[in-house]
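Structure, as structure tokens:
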Amino acid sequence: MKILVLNGPNLNLLGSREPAQYGHATLADVQHLCERTATELGHEVECFQSNHEGELIDKLHEYGRLFRDGLALGVVFNPGAFTHTSVALHDAIKGTGLPVVEIHISNVHAREAFRHHSYVSPVAKGVVLGFGIQGYALALHGLVGDMS
Ligand code: CA2
């Protein structure tokens, strides 16, 4: 089954700045980790990153159709700063009925107050945060339902 690993704005900059917050790993490292983890779990990932809200929504719609047709399992989603602003992403997840695991590299609750609210969490199957990029692997396990 296909799983979408979706990354939002500025996550293409991973590894280039702010290592104290996000570590030294790059988005390519995240992709390799997700491919390896999905293979171990017997599934297949597609990784997609965009800085544009509409492109993220289009990708969710595409996977909503695959999910309905029994070809996709769901989405591991780091919405970046859109987490804290986007009613449109909330509506897209709700509208597609996709199982989504929200993931954040940093512990957003230990940061500025404006990062404490998520529009995505109420429509997510689960949330993983604060474990660095390892959180993507945890999120894949959670989505697949294999917590071992
Ligand atoms: O902790 C996370 O994963 C976040 O989703 C990352 C977002 C932030 O707005 C959220 O509050 C929490 C920011 C991603 C930007 O990543 C950068 C990486 C390196 C250099 C600059 C930005």
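Out of Ala25, Ala38, one residue alone is part of a helix (DSSP H, G or I) and either of a type in the set (Gly, Ala, Ser) or at pLDDT below 95 (or both). It is Ala38. Among the residues of this structure, Arg115 does not count as one that is over 20 Å from Met1 (Cβ atoms), near the ligand (Cβ under 10 Å from one of its atoms) and loosely packed, with under 14 Cβ neighbours inside 10 Å. Annotation: Leu56 fulfils all but one of (1) buried (at least 19 other Cβ atoms within 10 Å of the Cβ); (2) in a loop (DSSP other than H, G, I, E, B); the unmet one is (2). For Pro9, the criteria (1) assigned to a loop (DSSP other than H, G, I, E, B); (2) surrounded by fewer than 16 Cβ atoms within 10 Å (Cβ to Cβ) hold in every case but one, which is (2). Looking at Ala110, is it aliphatic (A, V, I, L, M), within 18 Å of Asp29 (Cα to Cα) and at pLDDT 95 or above? Criteria not met by Ala110.
The values are calculated or read from the model by the stated rules, or taken from the named source; none is laboratory data. What you see is a predicted model; the values in this text were computed from it and never measured. Here the Cβ is made from the backbone with ideal geometry for all residues, glycine too, and neighbour counts use every protein chain on show.
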